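Following: one structure in structure tokens, then a few remarks.
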Amino acid sequence: GREHPAAPLMLGGWVFSAKSFAPQFSRMSPIAGLGRMFSAHSLVELLKAVAKSLLVGAVGAWVVWHRLPEAIALMNAPVQEALLHMVDLVLYCCLVVSLSLLVVAAIDVPWQYWEFFKKLRMTKEEVKQEFKESEGDPHIKNRIRQQQRAMARRRMMTEVPRADVVVTNPTHFAVALRYEEGRMGAPRVVAKGTGEVAARIRAVASEHRVPLMSAPPLARALHRHVELGHEIPAGLYTAVAEVLAWVYQLKHWHYSQGPQPQAPSELLVPDELAVPESRE
């Protein structure tokens with residue numbers, strides 16, 4: 001049904017604002033009003049309207065003056081003949097005035113197109129400037145990238161305690177691996193970094209009793225060729241399998257007696273995945 005006039009009042013209550021009654025002097029300012037009336041665009045439109053009126057008036061006056069003798073002669077002609085000639089004069093006058101309007105259109109249409117594309121060009125420039133001042137500002141973009149890297153690093157660090165082992169360089173690189181049998185097709189890199197990030201990974205791993213293994217060639221290859229969250233390539237299966245076997249032996253050793261298992265020293269890294277030591 002139709003909405004009752006009192007429905008908004010019942011829903012929102014009575015709202016009284018003195019701001020609505022406050023005088024807005026900008027609207028009452030005659031200078032501001034004249035500025036809106038006599039802006040550059042308004043002035044151009046006024047000149048165009050005056051020019052059109054003068055042209056149409058001049059053409060109409062010329063037609064009347066040119067056919068004035070014929071119009072005067074119609075007063076002495078028979079009524080039927082006078083009406084036919086009058087219609088002819090009116091049609092002729094309309095035709096000539098229409099032709100004059102075509103001249104006006106031939107001038108006005110290109111002007112309108114030029115003005116439209118000028119405004120459109122200005123709008124594009126304003127958009128570019130706004131983009132440059134916000135997203136395009138190098139300082140803002142660098143700040144956003146820094147925050148994104150910091151957030152990604154924090155998320156990555158939360159995965160380190162769940163890793164099976166951290167392969168190190170031993171100081172330049174650190175790569176944390178995790179393997180869940182039945183859920184992963186191959187071991188996965190859950191954290192990696194160099195420099196200070198690598199040091200932080202090692203510290204978090206030590207704090208949560210995650211084994212650290214120094215294997216520089218393997219650490220460099222894992223860091224270079226495996227993206228964060230991805231599984232290791234087939235070429236590193238053998239080397240990583242030896243590392244995980246050592247980890248499982250180490251876990252078993254903690255709950256039993258006997259000699260501590262030795263970490264594998266010769267890990268095979270294929271030539272196509274090897275990263276020279278000079279790139280550390």
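Points worth noting:
- Of the residues making up region 261-271, none is within 26 Å of residue 149 (Cβ to Cβ), within 47 Å of the chain's Cα centre (by Cα), open to solvent by less than 40 Å² (accessible area, probe 1.4 Å) and of a type in the set (A, V, I, L, M).
- Being aliphatic (A, V, I, L, M), assigned to a helix (DSSP H, G or I) and in contact with a Leu (Cβ under 8 Å, 6 or more places away or on another chain) is a property that residue 73 lacks.
- Region 89-139, residues that are among the β-branched types (Val, Ile, Thr), at pLDDT 75 or above and open to solvent by less than 90 Å² (accessible area, probe 1.4 Å): 90, 96, 97, 103, 104, 109
- On the stretch given as region 148-172, residues that are open to solvent by less than 90 Å² (accessible area, probe 1.4 Å) and not in a loop (DSSP other than H, G, I, E, B) total 10.
- In the condition set (1) out of contact with any Phe, Trp or Tyr (no Cβ under 9 Å at 6 or more places or on another chain); (2) more than 17 Å from residue 238 (Cα to Cα), residue 198 is compliant with all but (1).
- The residue that is farthest from residue 241 (Cα to Cα), counting only those in region 175-191 that are open to solvent by 40 Å² or more (accessible area, probe 1.4 Å) and either small (Gly, Ala, Ser) or not in a loop (DSSP other than H, G, I, E, B) (or both), is 182.
Yes/no matrix, rows are residues, columns are (1) of a type outside the set (D, E, K, R); (2) at pLDDT 65 or above:
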| residue | (1), (2) |
| --- | --- |
| 2 | no, no |
| 16 | yes, no |
| 33 | yes, no |
| 37 | yes, no |
| 43 | yes, yes |
| 66 | yes, yes |
| 72 | yes, yes |
| 76 | yes, yes |
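- Test: residue 204 is open to solvent by less than 40 Å² (accessible area, probe 1.4 Å), modelled with pLDDT of 90 or more and assigned to a loop (DSSP other than H, G, I, E, B): no
- Verdict on residue 224 being at positive phi, modelled with pLDDT of 90 or more and open to solvent by 30 Å² or more (accessible area, probe 1.4 Å): no
- Residue among 249, 257 that alone is free of Cβ contacts under 8 Å to residues at least 40 places away in the same chain, in a loop (DSSP other than H, G, I, E, B) and among the polar types (S, T, N, Q): 257
- Members of region 43-52 found to be open to solvent by 60 Å² or more (accessible area, probe 1.4 Å) and either in contact (Cβ under 8 Å) with a residue 60 or more places away in the chain or closer than 13 Å to residue 103 by Cα (or both), listed by number: 52
- Residue 50 vs. criteria modelled with pLDDT of 65 or more, under 41 Å from the mean Cα position of the chain (by Cα) and β-branched (Val, Ile, Thr): no
The values are calculated or read from the model by the stated rules, or taken from the named source; none is laboratory data. All figures in this text were calculated on a predicted structure; none of them were measured in a lab. Every residue, glycine among them, receives a Cβ derived from its backbone with ideal geometry; neighbour counts consider all protein chains shown. Areas reflect the complete protein model, heavy atoms only, side chains present, ligands, DNA and RNA absent. Shrake-Rupley method; radii C 1.70, N 1.55, O 1.52, S 1.80 Å.
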